[in-house]
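Down below is the structure, laid out as C-alpha cells.
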Amino acid sequence: MEVDSTSSTLHVASHKSNLLPELEVLCYLVVLVYLVDQKQYQEAKACSGFAIARLKMLNRRSVDVIASRIFFYYSLAYEKTDSLVEIRSTLLALHRTATLRRDELGQETLLNLLLRNYLHYNLYDQAEKLRSKTQQLDTHSNQQLCRYLFYLGKIRTIQLEYTDAKDSLLQAARKAPAKARGFHIQCSKWAAIVRLLLGEIPERTTFMQPGMKKALKPYFELTNAVRIGDLSLFHMAAEKHSSVFHADRTHNLIVRLRHNVIRTGLRNISISYSRISLADIAAKLRLNSDTAVADAESIVAKAVRDGGIEASIDHANGWMQSRETGDIYSSNEPQLAFHSRIAFCLNTHNEAVRALRFPPNAHKEELESAEKRRERQQQEQELAKHIAEEDEGDF
C-alpha cells in the first residue's frame with residue numbers, strides 16, 4: 001500500500017509538472033465559466049483569483065487570448081457580488097503589465113473592464129482621464145470595440161457632449177452582433193435619450209424592433225411626451241417608470257429633458273397662434289406654480305434669444321407675438337440636412353474600409369518572381385523587335 005501510494009503520488013506530480021501552461025489556463029477558464037453559469041459567484045471569485053495569480057507568473061503570448069477571457073469573468077464575478085471596487089487596483093496593475101508586454105488584446109479588454117468599473121460607481125471624470133491617457137490601438141476584437149464605444153457614449157453624455165455621444169452610441173449599436181440583444185437594448189435606450197436632448201425625435205421603428213418592444217416601452221412613452229410637448233404627460237411617464245430609469249441609471253438625464261419638453265410645447269404654440277397671452281402659455285405648458293406667468297415670460301424670452309422660436313414679447317400687454325415663418329427652402333436648412341447625411345455616409349464608408357481584413361502576405365502572391373519578370377521582359381523585347389522589322393519591310 002505504501003509503495004502504491006508513493007508511486008501514484010510521483011506519477012501525479014510528474015504529470016502536473018509536464019502540464020502545458022496553456023492547458024492549465026484553459027482549465028481555469030472552463031471551471032470559471034461553469035461556476036458563473038451556475039451562479040456560484042463566491043466560488044467563481046476564488047477560482048478567478050487563483051487564475052489571475054497563475055497568469056501573473058506567465059509571460060507567454062500563446063495564453064493572451066485565454067487570459068483576456070479570464071479577465072472578463074474575473075470582473076463579472078466581482079460585479080455580481082457588488083464588490084468591483086476591490087479589484088480596481090488589480091485591473092490597473094494587469095493593464096500596466098499588458099502594456100509592457102505589448103498584449104494588445106489584453107489592453108483592450110482591461111481598458112473596457114476599468115471603464116465599466118469606474119462607471120459602475122459613477123466616477124465619470126476618472127473614467128475619462130483613464131481613457132484620454134491610454135494609447136489607442138488598432139482594434140483586434142469587434143466585441144471590445146463595441147463596448148468601448150458604448151462606454152465612450154455614456155461618458156460623453158454625462159459631459160453634455162451630445163453630438164459625440166450620439167455618434168458613439170449609434171456606431172456601437174451598428175457594429176454589435178445581431179444576437180447581442182441586451183447590448184442593442186442598452187444602446188437604444190441611451191441613444192434615444194441623447195437624441196431627445198439634442199432636440200431630435202427618434203423614429204417610431206426604433207422602439208418597435210423585434211424582441212425589444214417591451215424593454216423600450218418606457219422610453220417610447222417618454223419620447224411621445226417630448227414630441228407632443230406635454231409637461232404633465234412627461235411627468236406621468238417619468239413617475240410611472242421611475243424604477244426602470246433608476247435601474248438603467250438614466251434618471252438624471254431624464255430630469256434634463258424637462259426643458260426640452262417645454263421648448264417643444266412652446267414651439268408648437270408659436271406655430272399655432274400668431275398672438276397668445278403669457279397666462280395662456282403658462283396654462284398650456286402646465287406650469288403649476290405661484291409665478292406661472294413670470295416663468296412663462298422667462299421661458300419665452302430665453303427661447304427667443306436662443307433662436308428656438310421666431311417671436312417677440314409685448315411686456316406691456318402681456319402677450320407673445322409670433323412672426324411669420326418664411327420659406328424654409330430659401331434658408332440654409334436643406335443644405336445643412338444634406339451635409340449631415342453626406343457626412344454620415346462618408347464616415348460609414350471610411351469605417352468599412354478601415355475594418356477590412358486581408359490574409360497575411362496576400363500581396364506577395366501578386367508580385368512576380370525575378371524569373372517570370374525576366375521572361376516577360378524578353379517577350380516584350382522580341383515583340384518590339386518583330387514590330388520594328390515589319391515596319392521596315394513595309395517602308
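Being in a helix (DSSP H, G or I), exposed (fewer than 10 other Cβ atoms within 10 Å of the Cβ) and modelled with pLDDT of 85 or more narrows it down to one residue among SER5, SER89, SER75; which is it?
From the options SER5, SER89, SER75, the qualifying one is SER89.
Within the stretch 84-121, track down each residue that is over 16 Å from ILE52 (Cα atoms) and either of a type in the set (Asp, Glu) or without any contact (Cβ under 8 Å) to a residue 12 or more places away in the chain (or both).
Scanning the stretch 84-121 gives LEU100, ARG102, GLU104, GLU108.
Where residues in the stretch 253-269 are more than 25 Å from LEU119 (Cβ to Cβ) and among the polar types (S, T, N, Q), which of them is most open to solvent (accessible area, probe 1.4 Å)?
Filtering the stretch 253-269 for residues that are more than 25 Å from LEU119 (Cβ to Cβ) and among the polar types (S, T, N, Q), the one most open to solvent (accessible area, probe 1.4 Å) comes out as ASN268.
For every residue, the table says whether it meets (1) in contact with a strand residue (DSSP E or B) (Cβ under 7 Å, 6 or more places away or on another chain); (2) part of a helix (DSSP H, G or I); (3) closer than 27 Å to HIS120 by Cβ; (4) not hydroxyl-bearing (Ser, Thr, Tyr).
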site	(1), (2), (3), (4)
LEU23	no, yes, no, yes
CYS27	no, yes, no, yes
GLY49	no, yes, yes, yes
ASN59	no, no, no, yes
ARG69	no, yes, yes, yes
LEU105	no, yes, yes, yes
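Starting from residues that are of a type in the set (Gly, Ala, Ser) and modelled with pLDDT of 85 or more, keep the ones in the stretch 332-361 and report whichever is most open to solvent (accessible area, probe 1.4 Å).
Filtering first and then ranking leaves SER340.
Only one residue in GLU380, GLU392 is modelled with pLDDT of 75 or more, more than 55 Å from the chain's Cα centre (by Cα) and either farther than 29 Å from SER141 by Cβ or open to solvent by less than 100 Å² (accessible area, probe 1.4 Å) (or both). Which one?
The match here is GLU380.
Name the pairs: first residue in the stretch 144-159 and among the aliphatic types (A, V, I, L, M), second residue outside any helix (DSSP H, G or I), Cβ to Cβ under 6 Å, at least 6 apart or on different chains?
Filtered contacts from the stretch 144-159: LEU145/THR139.
With the structure loaded, tell me whether ARG374 is modelled with pLDDT of 75 or more and open to solvent by 100 Å² or more (accessible area, probe 1.4 Å) or whether it fails that test.
yes
Going by the structure shown, is ARG305 touching a Gly at 6+ places or on another chain (Cβ under 6 Å), within 30 Å of GLU203 (Cα to Cα) and open to solvent by 70 Å² or more (accessible area, probe 1.4 Å)?
In short, no.
Show me the helices (runs of 4 or more DSSP H) entirely contained within the stretch 154-252 in which 1 or more residues are within 19 Å of the chain's Cα centre (by Cα), surrounded by fewer than 19 Cβ atoms within 10 Å (Cβ to Cβ) and not hydroxyl-bearing (Ser, Thr, Tyr).
In the stretch 154-252, 162-175, 181-197, 242-248 are the helices (runs of 4 or more DSSP H) which contain 1 or more residues that are within 19 Å of the chain's Cα centre (by Cα), surrounded by fewer than 19 Cβ atoms within 10 Å (Cβ to Cβ) and not hydroxyl-bearing (Ser, Thr, Tyr).
Scanning for something at pLDDT below 80, open to solvent by 100 Å² or more (accessible area, probe 1.4 Å), in a loop (DSSP other than H, G, I, E, B) and basic (Lys, Arg), does the stretch 319-331 turn up at least one residue?
Yes, the stretch 319-331 contains a residue that is at pLDDT below 80, open to solvent by 100 Å² or more (accessible area, probe 1.4 Å), in a loop (DSSP other than H, G, I, E, B) and basic (Lys, Arg).
The values are calculated or read from the model by the stated rules, or taken from the named source; none is laboratory data. Everything numeric here is computed off the predicted structure, so don't read it as measured data. Note that we place each Cβ from the backbone using ideal geometry, even for glycine, and neighbour counts take in every protein chain shown. The area values use the complete protein model at the heavy-atom level, side chains included, leaving out ligands, DNA and RNA. Shrake-Rupley method; radii C 1.70, N 1.55, O 1.52, S 1.80 Å.
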